[in-house]
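Novice: The structure under discussion is supplied below as structure tokens; questions concerning it will follow.
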Amino acid sequence: MATTTSPSPVATSGPQPQGGSSGGILRRMEVDPRLFGMLAALAIIWAVFEIWSDGIFISPRNLWNLSLQTSAIGIMATGMVLVIVTRNIDLSVGSMVAVIGVTMALLQVRWLPDWLGLGNPWIWVISLAAGILLGAAIGGFQGVIIAYVGVPAFIVTLGGLLVWRGVAWALSKGQTIAPMDSTFKLLGGGGNATIGGTATWVLAGLASVGLIAALVLGRRRRVKYGFALRPIWADIVIGAVGTAAVLLAAWYLNQYYMPEALARRFVEQSGGEYTGQQIPLGLANPVVIFIVVGLVMTFVATRTRFGRYVFAIGGNPEAAELGGIKTRWTIVKVFIVMGILTAISAAVLTARLDAATSGLGTLAELYVIAAAVIGGTSLAGGIGTVPGAMLGALVAQSLQSGMVLIGVEAPIQDIVVGIVLVVAVALDSLYRRRVAV
Amino acid sequence: MTAVTDAPVPTEQRTPLVQMNDIRVSFGGVHAVDGVSIDLFPGEVVALVGGNGAGKTTLIKTLSGAHKADGGQIVINGQPVTINSPRDARLLGVETIYQTLALADNLDAPANIFLGRELRTRWRTLDDTAMQDATYKLMARLNPRFKNFKAPVMSLSGGQRQSVAIARAVHFDARILIMDEPTAALGPAETEEVRQLIRQLRSEGLGIFLISHDIHDVFDLADRISVMMTGKLVGTVNKDDVTQDQVLAMIIAGKHPEEVTQADIEDLHR
């Protein structure tokens, strides 16, 4: 055990409260115990790999890579929550990644340069917009078949899994399409595609201010209506732990520095002289995209009418229908959102690989669904959270990367991830039966 | 002796809230509802009773907008209306509490009460605080014992769930309430809780159609009783003019009260 500082909020919140007494404290703080359980699971996984890897796992370099690897799956998992909450499933996202990735690559490499000239600054904008439109169109198309024709989502998207992979292959003629536009590549997070150390601190500062503002505003609203208030100490603890976690994460990840060649170029480009300075890379761009997507999707799920309807449909479709909700159109919209998020992930993956092939995103659907389910989304519908799925993606990716790091063979990795998925759902259903929620 | 009332005695002078005239609904060749006429006045509970398949639920669904009538006319407050969807019915002040309650079990009471009609802030986001506040006020009036405002309604008792369904119906200025088997599947204390609620709503001037199998509910709550059998109206009687046995005979034998003989009643008790 080399280090005790980890950017996980768990590590800063002291010992893991388990069992009866903590349940009371958590309830009074109005913290979701399942979210807390997931943080605890994550802490255990990290600790085990830290010991097993002789202190490499919780190094700034590895955690930085972990954050980057989590992004693509995590972005899609935030949408998969809504899909599963409405009692549907989307098995086609991996194949959609391929067809969207190949399309965006072809636009940049073949189609647009002929028309606009190579290196035109509009190329990446048009490619990305076209990819997002394609994602929305595919999602909407599948959604219409599911909601209006009445074919089960499992079948429609199973068909999509085969169809879109095939279309990707046909479009790419089985070739690798490369290289990507240089601006587009910034979406991928490799090399210099990071926001830098200062911006990372600014982002962490904004996040802290935002958290505290949300707590204060929430309190004010409750006071205005004369509602019972959460005890002030609970708000303070939540604010302090949250802020500390964010700042600690920023500080820790900022200790991952640019490789020497990149640092030299960076310093010399800004007119200085390179004397072996250590320059933090800062958060990778996909991680920032992931965080922004997570915030937007949390907002959509909890603060908008659309989000409320998604959960109502999952809880009781007939009640939603009788309440005057356009349930079918809402489901189509859910699949459109899933398609857009898939396109964003496809852009990230294509940019990171600096190429697209028809094999891009293979098995991604399973990792995305696993992330949502590990994150507490119920396949029976009606229950799930976006932050839970984001954490679920981090848990799944931690296992995956950890096993790669300590040299576990690929088939064994699959066995472990498979078992963890089943155990996570089993624990969750046991918990639900116990508290009857 | 009893009288079959075409117009109820105490409310003769007023305009009925609802008049359903000669309503017909067929499924294929089957006449589920065959030329039924009933009415409802403000501050009145009209019970709709009859055996399984008598057509009570189908009839009332034409008023709640869940089903279209094939013939007949619905008049609300003296105005002929067309009801094609639950939304139409709501706009006319008709609210329905289904036997299944139609609650989203994973959402809390305020979310259910405002389902489909959410309050929003000026940023067009959900105003959960305002909805919670409105729910507090609503429950203070309807059921002061209601406590669990933030728990998913699946964790509430049957009576409390019924309270949520009723609160949802009355919050939006409903004038006509349709209740389908409100006390089925409730314990004695909860049944009393719901009955109290119905009395409260009647005293506030709402008109209530009560569909029930429970003859005790019917006699406890209803002002008038409309009996249906095989899609036809057997008759409508004032509760105070009839005995439970006479109503049972209407339900089972399909006879008007004045036709019910002592032998029929003895049959019931055999």
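The values are calculated or read from the model by the stated rules, or taken from the named source; none is laboratory data. Since the structure is predicted, the reported quantities are computational estimates derived from the model, not experimental observations. Cβ sites come from the backbone with ideal geometry, for glycine too, and all protein chains shown count toward neighbours.
Novice: Does the stretch A:354-377 contain at least one residue that is surrounded by fewer than 20 Cβ atoms within 10 Å (Cβ to Cβ) and within 14 Å of chain B (Cβ to nearest Cβ)?
Specialist: If we filter the stretch A:354-377 for residues that are surrounded by fewer than 20 Cβ atoms within 10 Å (Cβ to Cβ), which is where we start, we get A:354-355, A:359, A:362-363, A:366.
Checking which are within 14 Å of chain B (Cβ to nearest Cβ) leaves us with none.
The answer is no, given that none of the residues of the stretch A:354-377 is surrounded by fewer than 20 Cβ atoms within 10 Å (Cβ to Cβ) and within 14 Å of chain B (Cβ to nearest Cβ).
Novice: Report the residue count in the stretch A:36-61 for those that are touching a helix residue (DSSP H, G or I) at 6+ places or on another chain (Cβ under 8 Å) and among the acidic types (Asp, Glu).
Specialist: Total meeting the criteria: 0.
Novice: Among the numbered conditions (1) under 20 Å from B:Asp223 (Cα atoms); (2) at pLDDT 85 or above; (3) small (Gly, Ala, Ser); (4) loosely packed, with under 15 Cβ neighbours inside 10 Å, tell me where B:Gly50 comes up short.
Specialist: (4)
To keep it simple, each residue is scored yes or no on (1) at positive phi; (2) of a type outside the set (Gly, Ala, Ser); (3) modelled with pLDDT of 85 or more; (4) in contact with a helix residue (DSSP H, G or I) (Cβ under 9 Å, 6 or more places away or on another chain).
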{"site": "B:Asp180", "(1), (2), (3), (4)": "no, yes, yes, yes"}
{"site": "B:Ala185", "(1), (2), (3), (4)": "yes, no, no, yes"}
{"site": "B:Gln196", "(1), (2), (3), (4)": "no, yes, yes, no"}
{"site": "B:Arg199", "(1), (2), (3), (4)": "no, yes, yes, yes"}
{"site": "B:Leu221", "(1), (2), (3), (4)": "no, yes, yes, yes"}
{"site": "B:Thr230", "(1), (2), (3), (4)": "yes, yes, yes, no"}
{"site": "B:Asp241", "(1), (2), (3), (4)": "no, yes, yes, yes"}
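Novice: Sticking with this one: Report, by residue number, each residue of the stretch B:126-136 that is at the interface with chain A (Cβ under 10 Å from one of its Cβ atoms), within 27 Å of the chain's Cα centre (by Cα) and among the hydroxyl-bearing types (Ser, Thr, Tyr).
Specialist: B:Tyr136, the sole residue that qualifies.
Novice: On to the next question. If the requirement is being of a type in the set (Phe, Trp, Tyr), crowded, with 23+ Cβ neighbours inside 10 Å and at pLDDT below 95, which of these qualifies: A:Trp124, A:Trp164, A:Trp115?
Specialist: Within the list A:Trp124, A:Trp164, A:Trp115, the selection yields A:Trp124.
Novice: Can I ask one more? Can you say whether A:Gly131 is surrounded by 18 or more Cβ atoms within 10 Å (Cβ to Cβ) and at positive phi, as far as the supplied structure shows?
Specialist: Judged against the criteria, A:Gly131 is not a match.
Novice: When you look at A:Leu217, is it under 30 Å from A:Gly339 (Cα atoms) and part of a helix (DSSP H, G or I), yes or no?
Specialist: In short, no.
Novice: Please go through the stretch B:104-125 and give me each residue that is without any contact (Cβ under 8 Å) to a residue 12 or more places away in the chain, within 10 Å of chain A (Cβ to nearest Cβ) and either of a type outside the set (Gly, Ala, Ser) or assigned to a helix (DSSP H, G or I) (or both), ordered by number.
Specialist: B:Arg120, B:Thr121, B:Trp123, B:Arg124, B:Thr125
Novice: For the structure I just gave you, tell me whether A:Thr302 is within 14 Å of chain B (Cβ to nearest Cβ) and part of a helix (DSSP H, G or I).
Specialist: yes
Novice: Taking the stretch A:217-236 on its own, how many of its residues are at pLDDT below 85, of a type in the set (Gly, Ala, Ser) and surrounded by 11 or more Cβ atoms within 10 Å (Cβ to Cβ)?
Specialist: Looking only at that region, the number is 0.
Novice: For residues in the stretch A:382-437 being outside any helix (DSSP H, G or I) and either touching a residue at least 24 places away in the same chain (Cβ under 8 Å) or in contact with a His (Cβ under 9 Å, 6 or more places away or on another chain) (or both), which is farthest from A:Arg308 (Cα to Cα)?
Specialist: Among those that are outside any helix (DSSP H, G or I) and either touching a residue at least 24 places away in the same chain (Cβ under 8 Å) or in contact with a His (Cβ under 9 Å, 6 or more places away or on another chain) (or both), it is A:Ile406.
Novice: Hey, another quick one. Would you call B:Val33 at pLDDT 90 or above and farther than 22 Å from B:Lys239 by Cα?
Specialist: Taking the combined requirement at face value, the residue satisfies it.
Novice: So for the stretch B:160-167 (the condition being within 21 Å of B:Gln132 (Cβ to Cβ), within 14 Å of another protein chain (Cβ to nearest Cβ) and in contact with an Asp or Glu (Cβ under 6 Å, 6 or more places away or on another chain)), does at least one residue qualify?
Specialist: no
Novice: Just to verify a result, which residue in the stretch B:92-103, among those that are facing chain A (nearest Cβ under 10 Å) and not β-branched (Val, Ile, Thr), is nearest to B:Pro16 (Cα to Cα)? Spell out the reasoning first.
Specialist: Here is the first cut: in the stretch B:92-103, the ones facing chain A (nearest Cβ under 10 Å) are B:96, B:98, B:100-103.
Within this subset, residues satisfying the condition of being not β-branched (Val, Ile, Thr) are B:98, B:101-103.
On the way: B:Tyr98: 23, B:Leu101: 27, B:Ala102: 28, B:Leu103: 30 Å.
My answer is B:Tyr98.
Novice: Which ones in the stretch A:50-108 are buried (at least 24 other Cβ atoms within 10 Å of the Cβ) and of a type in the set (Asp, Glu)?
Specialist: A:Asp90
Novice: Can you confirm whether A:Thr350 is modelled with pLDDT of 95 or more and either within 14 Å of chain B (Cβ to nearest Cβ) or surrounded by 24 or more Cβ atoms within 10 Å (Cβ to Cβ) (or both)? Walk me through it before giving the result.
Specialist: Working: modelled with pLDDT of 95 or more: yes; either within 14 Å of chain B (Cβ to nearest Cβ) or surrounded by 24 or more Cβ atoms within 10 Å (Cβ to Cβ) (or both): yes.
Yes, satisfied.
Novice: Can you find, within the stretch B:68-87, the residue that is surrounded by the fewest Cβ atoms within 10 Å (Cβ to Cβ) among those that are within 13 Å of another protein chain (Cβ to nearest Cβ) and out of contact with any strand residue (DSSP E or B) (no Cβ under 8 Å at 6 or more places or on another chain)?
Specialist: B:Asn84
Novice: Could you figure out which of (1) modelled with pLDDT of 95 or more; (2) over 30 Å from A:Leu106 (Cα atoms); (3) surrounded by fewer than 23 Cβ atoms within 10 Å (Cβ to Cβ); (4) within 14 Å of another protein chain (Cβ to nearest Cβ) isn't true of A:Glu318?
Specialist: (1)
Novice: I've got another one for you. Could you tell me which residue of the stretch B:226-262 is farthest from the chain's Cα centre (by Cα), considering only residues that are part of a loop (DSSP other than H, G, I, E, B) and among the hydroxyl-bearing types (Ser, Thr, Tyr)?
Specialist: Across the stretch B:226-262, the extreme among qualifying residues is B:Thr261.
Novice: Here's another thing I want to ask about it. Please go through the stretch B:27-68 and pick out each residue that is charged (D, E, K, R), outside any loop (DSSP other than H, G, I, E, B) and touching a residue at least 40 places away in the same chain (Cβ under 8 Å).
Specialist: Passing the criteria: B:Asp34, B:Lys56.
Residue-wise test of (1) under 23 Å from A:Val292 (Cβ atoms); (2) not in a helix (DSSP H, G or I).
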position	(1), (2)
A:Ala170	no, no
A:Asp181	yes, yes
A:Arg221	no, no
A:Gly242	yes, no
A:Ala249	yes, no
A:Tyr252	yes, no
A:Ala261	no, no
